[in-house]
Structures are given as structure tokens and as C-alpha cells.
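The values are calculated or read from the model by the stated rules, or taken from the named source; none is laboratory data. What you are looking at is a predicted structure, and each value in this text was computed from that prediction instead of being measured. Cβ sites come from the backbone with ideal geometry, for glycine too, and all protein chains shown count toward neighbours. Accessible surface areas use protein heavy atoms only, side chains included; no ligands, DNA or RNA. Shrake-Rupley method; radii C 1.70, N 1.55, O 1.52, S 1.80 Å.
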Amino acid sequence: MDYSRANRPPTLRLVSSPRRDLASGTEDAEATDSGHYDGEVAGTANEWKKSDKLANSRLLLVEDDDRIRHSLRLALGDEGYAIDDSADAESALEMLRSDPPDLVLVDVMLPGMSGLDLCHIIRRSSDVPIIVITARGDSHDIVAGLEAGADDYVTKPFIFKELAARIRALLRRTQGTLASADSQDLQFGELTINLAEGTVTLGGEEVKLTRTEFLLMHELVENPRRILSRDSLLNRVWGYEYFGDTRIVDAHIRRLRKKIEKDPADPGYVLTVRGLGYKFDPDSRT
């Protein structure tokens, strides 16, 4: 797909509503036309900002539309995040290398190097959480973004509250600890999993998984031979229901199979149960 500016859809205009100055109770007229703000959301963010250490996380925003980038920077700053921003993938890579962020938010359609190519490059050396921004209804971009290594996505135009929820959920699961503290290795043929250390080896070679891929593996391994529906995995791994899309689960299962299966097209560990979901079966090849 051609992601050049000439083939881009019309510029997104975020849903607009006044940003409220919580200190004075007045509305910020400048913010009214620059993006979606909601007094109730901002108030909730301030309460969360005081109690949640994740609010101090630093995000890298890669968006070439100046208006969208400016409005998102303001809104995410109101949530308590430190924001670095870039209008193109090339400068974003320099920022990533010099000072890695806690999460990357990247538009799929960028001038020059596309957001998808940026995701591929990031995933060669980093498991930093990535959320891609795609055009509404473009299933190709959604699937391509997830296959490129993104952990989650939002579609334009979006409500900021949804994006904020996805960012919080992703940061919590990638910076948190696993419920299981068992340090004993789990051995399944050539596959070895250490839940406490978050490591996976196949035939003695380390398998590099993103945090989300490992959490998905964790849920499957902790429930051997049990069928887990896509909705169940979405809730357990991604931590939300309403904003979820089961395509996220399918894309991550495909990525996981490519890394741990000898033949991803004929998997021996992570099996599909048609119409029901997925299961981890350590005995499927015995």
C-alpha cells in the first residue's frame, strides 16, 4: 500500500470540546478547536496522576499532522505524561536510540518512511510498547500494524478517552509483574518457559518476545489444554473489554507461532479450536 502524502485521506479533525482549566474552572478557548477534551476525563486523569506511578511515563508521539500532534501533546500532558514528538519516522528513530521512551504512539501514514516500516525497525531491537493510529475502517492497516509488531491500535477519528484507556492498560501490563512468581522452568519438548524471568528458549536458543507476546504465552501456558476464547484472552492480556477487538488476539497468536513453532502453519503448541478460541497443548505432538 502506498502511504505517500498524495494518497492520504483528508486531514483528520479530532472531535472537539473545550479543555477545562481545573485550577480556575474556566475553559481554554485555544484548546476548543484543537482536539477532544472532556472535563470529566481530565478530572479523572488528575486523580489518577496523583496515585498512579505510570502517569510519569514518557511517550513518543509520531504524527505528521501538526494539528493532531499538538492536540494530542496537550491532552496527554494533561494526563501526566512527558511527551516527545516527531513529524516523521526518521527523526523518531533518532529519539528512540538516544533516549528510549516507555511507549510509542505512531501514525501508520507518515511522509517518507511509513509508520509500518518504523514498527518493523523498532521491533528488531526493542520490545517497547507500540500503539498504531490507523484510518477508520481500513482493516488492512489494522492487521498490517499488528503484524508489524504493534501491541494495540486506535482508528481515526477517535475519542481521546479511548486512547487514554488503551495507553494506561498497555503501560500497566508491560511495566507490571506477572501474577505467577514460580521461578521453575516449564519444559515442553524443545520449548522452555521461565515465567518469573519472562524468558523463552527454543532448542536452547532464546526467543525474543515482546512483553505482550509473553503475557499471551503466560495465559496459555497457565491454562494447559483449556480452551481460551478470544474475548477471554483480550480481557486477560490486554486488560479491557469494551475497547477491544479480537483481531488483536489473532495477530499476536500468529506472531507468537512464528517465533515458537517449527511450522507456524501446522502448530504443535498453540492450537486453534475453530469457533471457540485457542489452547496450549503440550502433548499435541506426542
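A few remarks follow.
- Residues satisfying the stated conditions in region 115-144, i.e. in contact with a strand residue (DSSP E or B) (Cβ under 7 Å, 6 or more places away or on another chain) and under 22 Å from Val207 (Cβ atoms): Cys119, Ile122, Val128, Pro129, Ile130
- Across region 106-138, the qualifying residues are those that are free of Cβ contacts under 8 Å to residues at least 24 places away in the same chain and small (Gly, Ala, Ser), and the one among them that is most open to solvent (accessible area, probe 1.4 Å) is Ser125.
- Restricting the search to strands (runs of 3 or more DSSP E) fully inside region 193-286 and requiring at least 2 residues that are of a type in the set (Phe, Trp, Tyr) gives 277-280.
- Test set (1) of a type in the set (D, E, K, R); (2) under 23 Å from Asp78 (Cβ atoms); (3) open to solvent by less than 10 Å² (accessible area, probe 1.4 Å); (4) at pLDDT below 90 - Lys156 fails condition number: (3)
- Any hit, region 236-244, residues being buried (at least 16 other Cβ atoms within 10 Å of the Cβ), aliphatic (A, V, I, L, M), touching a strand residue (DSSP E or B) at 6+ places or on another chain (Cβ under 9 Å) and closer than 25 Å to Ala169 by Cβ: no
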